[in-house]
Amino acid sequence: MSTPTHNYNSPLSERYASKEMQFIFSPDKKFRTWRRLWIALAETEMELGLSQDGKPVITQEMIDELKAHETDINYDIARAKEKEVRHDVMSHVYAYGQQCPKAAGIIHLGATSCYVGDNTDLILMTEALSLLRGKLINVIAKLAEFAEEWKAQPTLGFTHFQPAQPTTVGKRACLWIQEFLLDLEDVDHVLSTMKLLGSKGTTGTQASFLELFDGNHETVEKIDPLIAKKMGFSDCYPVSGQTYSRKVDTRILHVLAQIAASAHKLSNDIRLLQHLKEVEEPFEKQQIGSSAMAYKRNPMRSERIASLARFVMADALNPAITSATQWFERTLDDSANKRLSVAEGFLAADGILDLCLNVSDGLKVYPKVIEKRLMSELPFMATENILMDAVKRGGNRQILHEKIRELSMIAGANVKEKGEENNLLDLIAADSAFQMSKEELAQAMEPARYVGRSLEQTEGFLRDVVRPLLEKNKEVLGIEAQICV
């Protein structure tokens, strides 16, 4: 815990998000990226032969000067200037110029504030998505290990959280993996379509650059591709107003919301299983579950996943509304909202995946409890097989079906009203219509007979889908989550 201060500190930074994600959305990362963009613009203009009266406007000496001060930002000068001019971009243009007197006059030449602001946002979101992608793959890897270990362990299935046909612990984990695989497909799609704004000017027409290059359209058309390449992108959006379409933010935060939904589903299942004492999230030796009830082992990490996930899912509405309410070529009612919704959406999603990684890496399974609950319900589920066997012995299917229904009601009442064990098999054995002994009935109580293809589905899914994906992305495996609380 850090020393308390008199200022508000976001819990996303204090408790949840990783240092890597915090750096991506830090002021220092932003302003360094601004300088990289100014260098890319100046280099592009020089390479395209920007000149006046036959003399180059930008020289290699200017570029070298800009590069020499790309990272040593004089924040004190920028802060002082911003108090005077009330404009963050121009204050940093001024501060950069103070360090680069030879290049001061050509910094930001032809550009608008959105050249650095919007391009930086796109660069940071791309980096942040890549970071989340790596963590998502590691969550999938940990859950795959869990599924492999428990692929053959029969467990009671639930529909509507009511006892249903058995499955296996590993097959259930595959359901969690499938959710995250769908999210990974969305992340990869968005990453593959990310572009820069480029340098489009005040209303997206590139009029300022047309003026700089004496009306040469062919030269101006080369500006965006060159800038994109220098910044590590394949392309820029071909048309825009002053800003890139805010639908891009909507698309990205929708992906974050989908990751949050998958994590929420995982956390819900674990919380319910922990209540049943079948599966538990990690619980450390000195961990305290409750300040009042010392015996408790609360699923606090899974609860935190659910809590943060709700924030991310609700946060995704912000860019959708912002995108819908943009006017013509530019308004500024997006700015404050973007500063909050985009950064905090990523920080929260990062915290969620770290928690998922931590939880999935240390799940504890209790087979004896699982078996006891399964066996208490299995007599009901075995009745179809018992019915078939009894009919083979000469019984009437309709009469026996009604008898099983009646006896099941009696056994259910014994369990729910009297708190007794499920005695359905005893009741069936005592009924001569079935012509089956209790020993013969017990043969129908092998759990593996009722899990269908759970084992085979799990093995096939891991073999054909998950492991090839992990092999393809093995360079990002091995991430270890650090959680603060």
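Taking the listed residues Lys265, Lys222, Lys277, Lys230, the one that is in contact (Cβ under 8 Å) with a residue 40 or more places away in the chain, at positive phi and basic (Lys, Arg) is Lys277, with no other qualifying.
When the residues of segment 230-248 are filtered to those that are charged (D, E, K, R) and assigned to a helix (DSSP H, G or I), the one that is surrounded by the most Cβ atoms within 10 Å (Cβ to Cβ) is Lys230. Listed by position, the helices (runs of 4 or more DSSP H) contained in segment 322-419 that have at least 2 residues being touching a residue at least 12 places away in the same chain (Cβ under 8 Å), under 29 Å from Val312 (Cα atoms) and of a type in the set (Asp, Glu) are 335-360.
The lone criterion from (1) surrounded by fewer than 21 Cβ atoms within 10 Å (Cβ to Cβ); (2) of a type outside the set (Gly, Ala, Ser); (3) not in a helix (DSSP H, G or I) left unmet by Glu185 is number (3). A count restricted to segment 5-46 and to residues that are of a type in the set (S, T, N, Q), over 23 Å from Leu132 (Cβ atoms) and in contact (Cβ under 8 Å) with a residue 12 or more places away in the chain stands at 1. Please verify whether Leu191 is part of a helix (DSSP H, G or I) and under 14 Å from Leu109 (Cα atoms), treating the condition exactly as stated. No; evaluated as a whole, the condition is false for this residue. Among the candidates Ala481, Ala433, the residue that is modelled with pLDDT under 90, of a type in the set (A, V, I, L, M, F, W, C), under 30 Å from Leu132 (Cα atoms) and not in a helix (DSSP H, G or I) is uniquely Ala481. Checking each residue in segment 73-88 for being assigned to a helix (DSSP H, G or I) and either within 17 Å of Ala40 (Cα to Cα) or not hydrophobic (A, V, I, L, M, F, W, C) (or both) picks out Tyr75, Asp76, Arg79, Lys81, Glu82, Lys83, Glu84, Asp88. Residues in segment 249-299 that are aliphatic (A, V, I, L, M), surrounded by 18 or more Cβ atoms within 10 Å (Cβ to Cβ) and either farther than 30 Å from Ala336 by Cα or modelled with pLDDT under 75 (or both): Leu266, Ile270, Leu273, Val279.
The values are calculated or read from the model by the stated rules, or taken from the named source; none is laboratory data. As the structure is a computational prediction, the values presented were derived from the model and not from experiment. Don't worry about glycine lacking a Cβ; one is built from the backbone with ideal geometry, like all the others, and counts go over all protein chains shown.
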